[in-house]
Amino acid sequence: MNSLDRVMATINRQPVDRTPIDCWLYQKQFLERLEADYGPREKFIEEFGIDVFVGLIPFPNQHGRKFDIHELAGVPLEDPRDPKWLNFTDWNYDFGGTNIATALRDHKGKRCVLAHCWGMVEGTSSFLGIENCWMNLGGNPDLMAAFFDRYADWLCLQVDQLVEAGVDMMTLSDDWGSNGTMLFSPKLWRRIIKPYAMRVVQHARSRGMPVNLHSDGYILQIVEDIIEMGFTSWHPVQESAGMDPRQVKAEWGDKIVIYGSLDVVDGLLKYDGEELDEYITERFGIYAPGGGFIFNGGHFIQPDIPPARLIRAYRLVNKLAAQYGTLQ
């Protein structure tokens with residue numbers, strides 16, 4: 001069973017030889033530390049059997065400035081099928097990832113190639129700025145919804161380009177949670193965010209593309225909605241925001257694939273040595289039985305994490321992943 005088969009079987013609730021494994025090695029400063037202490041990213045993903053490689057789509061605002069909410073209706077959205085979205089290279093200094101075209105060139109057929117795309121709030125915040133985006137969700141919901149309507153259509157065309165390029169899976173990245181609750185009310189989310197995000201998810205699913213939700217923070221109020229929308233997996237189920245992994249597995253583990261479990265704050269940063277081993281072993285024990293689990297960190301591995309700690313963690317992950325294979 002190769003990496004793509006393993007990930008797709010997990011998404012489709014079919015037997016696998018082991019739990020699929022991912023690791024978001026896309027932070028430049030950490031990659032520099034990793035290479036100095038251990039070797040390049042390519043060595044890590046080969047040695048530790050990483051099954052997924054992420055390519056990123058840039059933010060939709062490539063105009064070089066932010067906009068006022070009253071300008072938003074007239075802001076042109078550039079052609080979503082322009083090859084530049086797959087070949088983008090003008091990342092910020094801190095980013096150590098890669099574009100879609102490079103991910104496909106280097107990993108297609110070897111791993112599940114996952115495209116990271118920007119959801120309603122995160123995509124729109126690239127035009128307004130994060131704080132103004134959140135303020136206008138409450139202050140100008142109709143203007144925000146009108147833009148989400150345009151942006152959802154734009155994203156659907158971008159999905160078509162990803163499918164035709166050969167991408168295996170996509171993430172719609174949209175942070176809806178904070179610590180202990182959502183960033184905005186579930187009622188507001190259901191009225192002006194859910195319908196437009198759902199349009200994108202359903203279009204991707206109609207093209208045969210599994211869709212992962214990346215949403216930091218506490219979002220237990222809307223998990224049933226997320227499943228209804230058609231998301232196939234959910235990353236990262238952030239424990240440090242107050243969510244209980246046992247509750248998540250018990251209530252939703254048979255309805256959506258859990259993609260994560262290694263909290264970068266309350267897990268990888270907090271623990272080391274045997275304490276970290278116990279943390280990871282416990283999460284496997286919660287999430288892996290019965291399948292529906294892809295192991296990953298909660299976010300990019302940050303430069304304050306010693307590379308030796310990550311290496312130790314993934315040596316254990318490899319052993320645990322093999323224990324939860326379901327192929328007979």
Along the charge dipole of the chain, which of A308, L86, A165 sits closest to the positive end, that is, farthest toward it, with unit charges on the beta carbon of Lys, Arg, Asp and Glu (+1, +1, -1, -1)?
-> A165
Yeah, the stretch 277-328 with a ≥ b ≥ c from its alpha-carbon gyration tensor (a/c under 1.5 is rounded, else prolate when a/b outruns b/c, oblate otherwise) is prolate
Dipole of the chain, Cα-centred, from +1 at each Lys and Arg C-beta and -1 at each Asp and Glu C-beta, to the nearest 20 debye?
-> 640 debye
Largest to smallest accessible area among H107, H299 [probe 1.4 Å] = H299, H107
With a 22 Å threshold on alpha-carbon distance, the violating pairs from K108/K319; K43/K110; K187/K249 are K108/K319; K187/K249
Could you give the C-alpha radius of gyration of the chain expressed as a fraction of 2.2 N^0.38 Å, taking N as the number of residues it contains?
-> 0.96
Send over the Kirkwood Rh of the stretch 1-92, from the inverse of the averaged 1/r over different Cα pairs, rounded to one decimal Å.
-> 16.9 Å
What is the packing order of peptides 47-55, 98-106, 134-142, taking the mean over residues of other C-beta atoms within 10 Å and listing the highest first?
-> 47-55, 98-106, 134-142
Send over a whole-number figure in Å² for the accessible area per residue of the stretch 170-328, probe 1.4 Å.
-> 38 Å²
Sequence-separation-based contact order of the chain, relative, with Cα cut under 8 Å and 6+ spacing, percent = 24 percent
Among all helices in the chain defined by DSSP H, which have a length of 30 Å or more along the axis from Cα atoms plus a Kyte-Doolittle mean of at least -0.5?
-> 141-165
Mean separation of Cα contacts under 8 Å (at least 6 apart) over the residue count of the stretch 154-241, i.e. the relative contact order in percent, is 37 percent
Counting each DSSP H run of 4 or more residues in the chain as -39500 (n - 2.57), what helix-only mean residue ellipticity at 222 nm follows after dividing by all residues, to the nearest 500 deg cm²/dmol?
-> -13500 deg cm²/dmol
Amide H neighbours of L183 under 5 Å, counting only residues 5+ apart in sequence or on other chains, H built in-plane at 1.01 Å?
-> G177, S178
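The values are calculated or read from the model by the stated rules, or taken from the named source; none is laboratory data. Computed from a prediction, not measured in an experiment: that's the story for all the values here. Using ideal geometry, Cβ is built from the backbone for each residue, glycine included, and neighbour counts are taken over all protein chains shown. When the accessible area is computed, the model is the full protein with side chains, heavy atoms only, and any ligands, DNA or RNA have been set aside. Shrake-Rupley method; radii C 1.70, N 1.55, O 1.52, S 1.80 Å.
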